[in-house]
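So that we are looking at the same thing, I have put the structure below in structure tokens.
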Amino acid sequence: MIIPHGGQLISRIFRDKEKEEVLARINELPKVFLDDELIKDVKNIARGVYSPLTGFLRQNDFESVVENMRLSDGTVWSIPIVLDITLDEKNRLNSSDAIVLVDEADKPIALMSEPEIYKNRKQFFSKGVFGTLDNNHPGVNEISRMEEYLLGGDVHLLDNGEDIFPEYNLSPEETRKLFDTKGWNSVVAFQTRNAPHRSHEFLQKMAMEQTDALFIQPVIGRKKKGDFQDQAIIDAYKIILDKYYPRKRTHLGILPLKMRYAGPREAIFHALIRKNYGCTHFIVGRDHAGVGDYYGPYDAHKIFDNFTESEIGIKILKFDNAFHCNECGGLVTADKCNHSGESRMLLSGTQIRQMIQNNEIIPDEFMRKEVVEYLINHPNPFVE
């Protein structure tokens, strides 16, 4: 089984006795409220999804990740996992050695220990991670709306509930056991925020030629307006997996986190996460985690050249964009087709979302008819 990133799968979940001891003194501790996306981050830390992270980044790690795509100890890590707080919260928490993190209903989620508070350098953050200060970029815009301080510290989980698509919400420990039970020595992971179209299906099946199995793991969390809603993505994948994929070689899961739209950096982030889940291969296609024209179509391929294979530790499958070629009579990639652009029907998630929104007919070459039928009959499959 592939080794988790950093060498060890992190588990920071309180056992029953430890949990009881913390809850007995919970009212003595200061609180910080978390929204749904921050709760996902806390649980991902505690369950090992973000191994080797043990908590929200402290200042040294934050600055090192933004500047160098590495933690302060040199381990590759490309996206800062941070918790922002207000000036009033900073003043209230300054002398605390432990903090309870609670949801909006005041339910305890986790305990933070050895907290550190530091300035949220928003321009430094935005420029380093997204390569731009343009507030039209959804990631930059989100940082601009964050509070002025960041709170770092180790976390231990109090609430290990799986309320988001529990059937598919498996921890890295669980997927590793699943892959082992099924006898899968090599597993390719596919990252998506779209309902499945023919190009994705083509790339997935190409990757399966190199591995024992395919693990499809859509991002389930906050997305920008116009992206597919979580339920629509899950339902659409269930349709095609049931009819068009070998059941003994595929598995559908979810990745509970928000999209950052950090393009190349997010490709690294997504790859390292899938390594923690036990996947040996990861598909990186055209414009991975991109938005608008902020990144080149294959920048997410090139960024991996900055690291050695051993530093990443998961095999990156870099695929060209797939398209339907009328001359070839099917789906191909550019390196396998010599016909002109007039013969090519290009596919993309953005294009298909626009066609559905505009009530245009989607050709069979673009998307399976069962998926099209489901999406056009859905009351609203898009994020508003």
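Among (1) -0.39, -0.77, -1.08; (2) -0.25, -0.67, -1.16; (3) -0.24, -0.66, -1.28, which is the computed log10 I(q)/I(0) by the Debye sum over Cα atoms at q = 0.06, 0.10, 0.14 Å⁻¹?
(3)
Still on this structure: Which of the cysteines in the chain are isolated, no other cysteine C-beta under 4.7 Å?
CYS279, CYS337
Distance from the Cα centre of region 24-103 to that of region 236-304, in angstrom?
The distance from the Cα centre of region 24-103 to that of region 236-304 comes to 25 Å.
Applying a 10 Å radius around every beta-carbon, put 302-312, 73-83, 266-276 in order of their mean neighbour count, most first. Mind showing how you got there, number by number?
Numbers: 302-312: 13.2, 73-83: 19.8, 266-276: 25.7.
My ranking of the peptides, most packed first, is 266-276, 73-83, 302-312.
Taking amide hydrogens as modeled 1.01 Å from N in the peptide plane, which residues meet the under 5 Å criterion relative to LEU170, leaving out close sequence neighbours?
Here ILE254 satisfy the definition.
Could you tell me what percent of the DSSP beta bridges with both partners in the chain are antiparallel, to the nearest 5?
Working: 26 of 46 bridges.
Approximately 55 percent, going by the DSSP bridge assignments.
Which whole-percent values make up P(r) of region 106-160 when all C-alpha to C-alpha distances are grouped in 5 Å steps starting at zero?
Bins of 5 Å from zero give 4, 18, 19, 15, 15, 16, 11, 3 percent of pairs.
Here is a follow-up. What shape does region 154-239 take by its C-alpha gyration tensor, where a ≥ b ≥ c are the square roots of the eigenvalues and a/c under 1.5 counts as rounded, a/b above b/c as prolate, and the rest as oblate?
Taking the square roots of the gyration eigenvalues as a ≥ b ≥ c, region 154-239 is oblate.
Relative to the compact-globule scaling 2.2 N^0.38 Å, provide the ratio for the alpha-carbon radius of gyration of region 172-377. Don't skip to the end; give the middle numbers.
Values: Rg = 16.6 Å, N = 206, 2.2 N^0.38 = 16.7 Å.
This ratio for region 172-377 stands at 0.99.
With θ set to phi - 60°, apply the Karplus curve 6.51 cos²θ - 1.76 cosθ + 1.60 along region 184-190 and write out the HN-Hα couplings as whole Hz, x wherever there is a Gly or Pro.
Working through the residues one at a time gives 8, 8, 9, 9, 9, 9, 10 Hz.
Let me check I've understood the local charge: for MET69, count other residues with C-beta under 15 angstrom from its C-beta, Lys and Arg +1, Asp and Glu -1. What total comes out?
Values: positive: ARG70, LYS127, ARG260, ARG265, LYS302; negative: ASP61, GLU63, GLU67, ASP73, GLU266, ASP299, ASP305, GLU311.
Residues close to MET69 contribute a combined charge of -3.
Taking amide hydrogens as modeled 1.01 Å from N in the peptide plane, which residues meet the under 5 Å criterion relative to TYR149, leaving out close sequence neighbours?
ILE85, ASN120
Quick check: residue separation of GLU373 and ASN91 times 0.36 nm, minus the Cα distance between them. What number comes out in nm? Mind dumping the intermediate values first?
On the way: separation 282, 0.36 × 282 = 101.52 nm, distance 5.47 nm.
The GLU373-ASN91 span can extend by a further 96.0 nm.
Need one number for region 16-157: average projected area of the convex hull over its C-alpha atoms, nm². Let's see the in-between values first.
Details: hull surface 34.7 nm².
The orientation-averaged projected area of the Cα hull of region 16-157 comes to 8.7 nm².
Right, here's the next one. Quick one: if the Förster radius is 51 Å, what FRET efficiency do GLU20 and GLN354 give, using the C-beta to C-beta distance and rounding to 0.05?
Plugging the Cβ-Cβ distance into 1/(1 + (r/R0)^6) gives 0.45.
Here is a further query. Take the cross-link list LYS205/LYS336; LYS31/LYS225; LYS318/LYS369 and give me the ones stretching past 24 Å between alpha-carbons.
LYS31/LYS225; LYS318/LYS369
No value in this document is a laboratory result; all are computed from the given coordinates. This structure is a prediction, so every number in the text was calculated from the model and none was measured. Here the Cβ is made from the backbone with ideal geometry for all residues, glycine too, and neighbour counts use every protein chain on show.
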